[in-house]
Structures are given as structure tokens and as C-alpha cells.
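Colleague: Once you've had a glance at the structure underneath, I'll fire off some questions.
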Amino acid sequence: MDVVAAVLRKAGGRFDLETVTLDAPAAGEVLVRVVACGVCHTDIGVQHMMPLPIVLGHEGSGIVEAVGPNVSKVVPGDRVVMTFGSCGGCASCVEGAPSHCHNMRILQFSGGRADGSPTMQQKGEKIFGAFFQQSSFATHALATERNVVKVTNSAVPLELLGPLGCGIQTGAGAVLNTIGARPGSSLAVMGAGSVGLSGIMAARLVGCTTIVAVDVNESRLELAQELGASHAFDARDGDVSDRIRSATGGGANYALETAGTVQSFTDAISCLAMRGVCGIVTVPNRGAAFEFSARYLLTGGRTVVGVLEGSSVPDVFIPQLIEFYAQGRFPMDRLATYYPLDRINDAVADSVAGKAIKPILRMQ
Ligand code: CXF
Ligand code: ZN
């Protein structure tokens, strides 16, 4: 079928709205009429390593329009959030850790289906898609049964929910699943963007009693406090690790690094208490190396752990977050700024400039 999609033809270039032809759903696939799609930093940062032209977008929500053979999870008319793809058969998937699926590179970043076939074309020209098994910067997306999550609560606005499929589940899941923050504990969060703020909301939810937000943006620090941070530090105002150690009475039980600078990584690790755990959701300055002390980890029994997609089992975790939102305990709407699809380039620019925390594109 012909759909309208935001096509990227040059890394770092503009998205153009074009008509492309999307395959009908094959076995195990789900065609979704996209209602809205969040913009994640990965949509921007990954462009240089993707095949082009491509349709990006991996935080889509929408309504099932059709299903292929052998799909039982959803039927046409169901409201869904789309999330990351996973194979279901590798050791990680079988052990209940699909965010570390062994086939994640192919499923998220190859530009095609798991078997290598393309999902879309334009007058015979191949258009790469299947980004995170969805490519939701479009009016319609082709997902797989494994990466659609049914939304059963009809009282929540579907247009808000797409970012639960990536950025928001990453921050909340880092705190609730990966590091398993405990009630009464302390957490330091480097970076008050969508991932960091989701971590802060989750920390309040679970009962962390000291929650330190660190950023260089005054308005984000204010929002962090409204969402649950007990302390908000401007990273430019002096030694961050020292200030966290004094706010937490000797060191943070947990840290979440989302800012992506060598300094913020160094601070996130060095602010930890004995047996503290630091979750990292990004890499510093596009892979820059930095030093930390093995002795400090060893003698303090500290852990540094990589976090992908908040260690989420999406069919379990995303409905939980939706219920927390519905109950007013996870106010993710505070992060959202909406744009129509034809303003996608403004949404991206505002995200890069730090003006929009979580841009969400509406398709209609
Ligand atoms: C990202 C997380 C960092 C590595 C690349 C993929 N996931 C989603 O945006
Ligand atoms: Zn993402």
C-alpha cells in the first residue's frame, strides 16, 4: 500500500515527506496505522551508520490495521505501542532478556527484515525500513508480533505512549529493572533529558529518598525537581561527585549515566557508595575512552552495568508503565512536545538544541 513517510536520503540531512509503497504484512507481521511517534536521540545519532535512503522512527504508537498469517497477539482495531525487535530464539530472548537479543543489530539497524528482505520501495527504488522493526516516521508501519504491545487501558492517550517503546522504558527500566533501586536508597542521575527524567520519575515511584539530578540546563533541573528530584545540581557549579557524596551522606547507592560526556561518566562512577551500582545507557562522546580505577570497583564492590531498553520485557513492562501513568504516578506527559509529521525537521532541531525533551510527531 502507498503510505506517506519521512524519508532520510543523507545522513545529517533533512527528512522529506514522500509517498512510498509498504509491503502487506507477511507471516508474523502487523500493519499499524501510526498515530504518533517519538523522536529518540538514536534516530539522529545513528544516521551515519545506516543504509540510505531510509525511514527511521522507533517510538511509534497506533492502531492495528491488518495482521499477517500466524499472528495471535493482536487483531485489527487494537491499540498498540511499538518497541524494539527481538528474535525470540536466542539465549537472551529465551532467558527473558530480549533487550540484549543476539540479533539486535539485524533487527534494529539493518534496514530490512530479519531475513534481509526490504519492507518498502518507491517506484522500484529500494527504501530501507524495518528500523527497530517498525520505521514509524510514517503514516503506517510494518511491525512484528513480537514488538507490538497491546494497550488495553482505553483511558490513556495513545499519541503519548510511543516513547514507552524506547526512551522512557530505557530510563524507567534502568531504575526499576536493571539496577533495581530499592525504597529508601539514593540515586544520582547524570542528564535530565527524557531518559534521565524517566529514571527520576521511576525513582520517586519506587521510593528512593535522595534523588540527585545533574544537568547544565536550568529549566530541565527545575522539571527534574517537579518530577521527584530532591537535589538539582548544575554540573558547572563545582565538583559533581563531591556534591553528590555530601547530598547522599557518603555516596549514592545508584547512579544513572545518560549525559554522554567523559566527565559525566567519571562523575557517575566516582559518586558511588560502597556496593553502589552505576547504569550506563550511552557511551561518552561517541566512544571516547576514559579511565577509572579497578581498585575502586574491587574494594568497594561496585558495579557498572550497561542498560539497553531498560532491561524491559515489553509485554510486561510497558503495560505497567501505562498503569502508573494512568494512576498519576508516572507523569510522562510532562516530557512531551507535539509536532505534526510535516514539522519533523523542527522536532529534530529542537531535540538537538535541547528545546524539546521528548518531541512526538503526530501523523494526522
Ligand atoms: C539505543 C541505545 C544505545 C545504543 C544504540 C541503540 N537504543 C535505542 O535508542
Ligand atoms: Zn531510542
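The values are calculated or read from the model by the stated rules, or taken from the named source; none is laboratory data. Note that the structure is predicted; figures quoted are calculated from it, not measured. In this analysis, Cβ positions are derived from the backbone assuming ideal geometry, glycine residues included, and neighbour counts consider all displayed protein chains.
Colleague: Go through (1) within 15 Å of ligand 2 (Cβ to nearest atom); (2) assigned to a loop (DSSP other than H, G, I, E, B) for LEU107 and report which single condition fails.
Modeller: So LEU107 meets the others, but not (2).
Colleague: Within region 198-236, track down each residue that is within 16 Å of LYS355 (Cβ to Cβ), of a type outside the set (Ser, Thr, Tyr) and free of Cβ contacts under 8 Å to residues at least 40 places away in the same chain.
Modeller: Across region 198-236, the qualifying residues are VAL216, GLU218, LEU221, GLU222.
Colleague: Of the residues in region 272-328, how many are in a loop (DSSP other than H, G, I, E, B), closer than 20 Å to CYS93 by Cβ and more than 16 Å from ligand 2 (Cβ to nearest atom)?
Modeller: 1
Colleague: Pull up region 243-290, narrow it to residues that are surrounded by fewer than 20 Cβ atoms within 10 Å (Cβ to Cβ), more than 15 Å from ALA192 (Cα to Cα) and β-branched (Val, Ile, Thr), then point me to the one that is modelled with the lowest pLDDT.
Modeller: For region 243-290, the residue satisfying everything is VAL283.
Colleague: Quick check on my filter: what residues within region 239-258 are basic (Lys, Arg) and either closer than 19 Å to VAL216 by Cβ or in contact with a strand residue (DSSP E or B) (Cβ under 7 Å, 6 or more places away or on another chain) (or both)?
Modeller: Step one: of region 239-258, the residues basic (Lys, Arg) are 243, 245.
ARG243 - this is the single residue of region 239-258 that is basic (Lys, Arg) and either closer than 19 Å to VAL216 by Cβ or in contact with a strand residue (DSSP E or B) (Cβ under 7 Å, 6 or more places away or on another chain) (or both).
Yes/no per residue for (1) under 22 Å from the mean Cα position of the chain (by Cα); (2) of a type outside the set (Ser, Thr, Tyr); (3) more than 16 Å from ligand 1 (Cβ to nearest atom):
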{"position": "ASP23", "(1), (2), (3)": "no, yes, yes"}
{"position": "ALA27", "(1), (2), (3)": "no, yes, yes"}
{"position": "ILE54", "(1), (2), (3)": "yes, yes, no"}
{"position": "GLU59", "(1), (2), (3)": "yes, yes, no"}
{"position": "GLY62", "(1), (2), (3)": "yes, yes, yes"}
{"position": "PRO69", "(1), (2), (3)": "no, yes, yes"}
{"position": "GLY77", "(1), (2), (3)": "no, yes, yes"}
{"position": "VAL80", "(1), (2), (3)": "yes, yes, yes"}
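Colleague: Only one of (1) out of contact with any Cys (no Cβ under 9 Å at 6 or more places or on another chain); (2) part of a loop (DSSP other than H, G, I, E, B); (3) among the hydrophobic types (A, V, I, L, M, F, W, C) fails for ALA181. Which number is that?
Modeller: For ALA181, the exception is condition (1).
One line per residue, one yes/no per condition, for (1) basic (Lys, Arg); (2) out of contact with any Lys or Arg (no Cβ under 9 Å at 6 or more places or on another chain):
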residue: ALA36; (1), (2): no, no
residue: VAL46; (1), (2): no, yes
residue: VAL64; (1), (2): no, no
residue: VAL71; (1), (2): no, yes
residue: VAL74; (1), (2): no, no
residue: ARG79; (1), (2): yes, no
residue: GLY85; (1), (2): no, no
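Colleague: Hey, among ALA356, ALA349, ALA294, ALA336, which residue is free of Cβ contacts under 8 Å to residues at least 12 places away in the same chain and within 19 Å of CYS40 (Cβ to Cβ)?
Modeller: Numbers: ALA356 fails: free of Cβ contacts under 8 Å to residues at least 12 places away in the same chain; ALA294 fails: within 19 Å of CYS40 (Cβ to Cβ); ALA336 fails: free of Cβ contacts under 8 Å to residues at least 12 places away in the same chain.
The conditions single out ALA349.
Colleague: Please pick out the residue among ALA97, ALA66, ALA36, ALA91 that is more than 30 Å from GLY13 (Cβ to Cβ), touching a strand residue (DSSP E or B) at 6+ places or on another chain (Cβ under 8 Å) and away from ligand 2 (no atom under 14 Å from the Cβ).
Modeller: ALA66
Colleague: If you don't mind, another one. Filter region 296-318 for residues that are in contact with a strand residue (DSSP E or B) (Cβ under 7 Å, 6 or more places away or on another chain) and either more than 24 Å from MET274 (Cβ to Cβ) or among the polar types (S, T, N, Q) (or both) and give the result.
Modeller: The answer is THR303, PRO314, ASP315, ILE318.
Colleague: Checking ALA232 against (1) out of contact with any helix residue (DSSP H, G or I) (no Cβ under 8 Å at 6 or more places or on another chain); (2) farther than 21 Å from GLY173 by Cα: exactly one of these is not met. Which one?
Modeller: Single failed check for ALA232: (1).
Colleague: Taking VAL30 as the residue in question, decide whether it is touching a Lys or Arg at 6+ places or on another chain (Cβ under 9 Å), part of a strand (DSSP E or B) and closer than 14 Å to ALA130 by Cβ.
Modeller: In short, yes.
Colleague: Among the listed residues VAL156, VAL195, identify the single one that is touching a residue at least 24 places away in the same chain (Cβ under 8 Å), within 16 Å of ligand 1 (Cβ to nearest atom) and not charged (D, E, K, R).
Modeller: The conditions single out VAL195.
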